[in-house]
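Take a look at the structure below.
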Amino acid sequence: MKDWPTASEMLVMRILQDEPRGLYGLQVVEHSDGVVKRGSVYVLLGRLEEKGFVRVIRPKAETGLPGMPRPIYQLTGQGSKVLAAAETIGLSFSGARQ
Amino acid sequence: MSERPRKRKEKRYIGYERTCGYPDRTLEKLMTPDVRRRLNEIRHGLATTTDAAREHQAASPVPAPRKIELPPAHLLVVVSKWLLNAEAYGRYVEPHVLDMRLEYFKAIAAGRRVQARWIVVRGYWDVLAPLRRGLWITITRWLREGYG
């Protein structure tokens, strides 16, 4: 299937599943324990957004921080379904924080 | 029958600045050099109205000129916006730049200038992958829309 996420994308989705309020890109890097690199995190998140598994929230401002607010990434309902299906068929998520 | 000379086009635009907010360059062309210099002094806040004020200004120390620093990755943003379409830029490159700037300014605020430099260097290195992906998306979309 063309839209089925890759192993790295699955890992990112798994991390996002644990945080229903969403995460910044750098928080995804921290939660992945070094598996997802800074250079690749936005590529993975962008791909997931294109596939419809992740939604991007752009807040108006970040509390206590100047400048443009950073986007927050949340798992969509479709993303949750894909994760559930992957767990059902026994795909493992190596590297994700338990 | 001699044709009546037409009015110069610029004259119609005198006062344009007041209504539209654009600098009225045509008005400046009509001014003598002295008047133009005086106008520039007023614009830059250098003009003084009275002799006393002029003397006071001469006696007071000249403020050091301020250096306006551009944020880190300014060039990267300009080049990326030129290379990529808006969607690819916003999805792949912009979040990366925002992270880099946030970390940079945090380091600057903490007085760690070396670390700030390192954040910029690392940021330029890390942005290569998102930039490549953005370029790929931009080119494929362009080809699809152009030939599809």
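Looking across the range A:37-46, the residues that are buried (at least 17 other Cβ atoms within 10 Å of the Cβ) and either touching a residue at least 40 places away in the same chain (Cβ under 8 Å) or over 16 Å from A:Pro5 (Cβ atoms) (or both) come down to A:Arg38, A:Gly39. Meeting the requirement of 3 or more residues that are within 13 Å of another protein chain (Cβ to nearest Cβ) and among the hydrophobic types (A, V, I, L, M, F, W, C), the helices (runs of 4 or more DSSP H) wholly within the range A:2-62 are A:25-31, A:38-51.
For the range B:95-117, residues that are buried (at least 20 other Cβ atoms within 10 Å of the Cβ) and either more than 30 Å from B:Ile137 (Cβ to Cβ) or in contact with a helix residue (DSSP H, G or I) (Cβ under 8 Å, 6 or more places away or on another chain) (or both) total 6. Taking the criterion of being free of Cβ contacts under 8 Å to residues at least 12 places away in the same chain and within 14 Å of chain A (Cβ to nearest Cβ), the residues of the range B:123-143 that qualify are B:Trp125, B:Leu128, B:Ala129, B:Arg132, B:Trp136, B:Thr140. When B:Ser80 is tested against (1) over 20 Å from the mean Cα position of the chain (by Cα); (2) surrounded by 12 or more Cβ atoms within 10 Å (Cβ to Cβ); (3) within 14 Å of another protein chain (Cβ to nearest Cβ), only condition (1) is not met. Does A:Asp18 satisfy being on the phi > 0 side of the Ramachandran plot and acidic (Asp, Glu)? The answer is no for A:Asp18. Of all residues in the range B:53-91, those satisfying the criterion of being assigned to a helix (DSSP H, G or I) and touching a residue at least 12 places away in the same chain (Cβ under 8 Å) are B:Leu76, B:Val77, B:Ser80, B:Leu83, B:Glu87, B:Ala88, B:Tyr89, B:Arg91.
Read the figures in this text as sums done on the coordinates, not as results from a lab. Just so it is clear, the model here is predicted, and its values are computed rather than measured. Neighbour counts run over all protein chains shown; Cβ positions are idealised from the backbone, glycine included.
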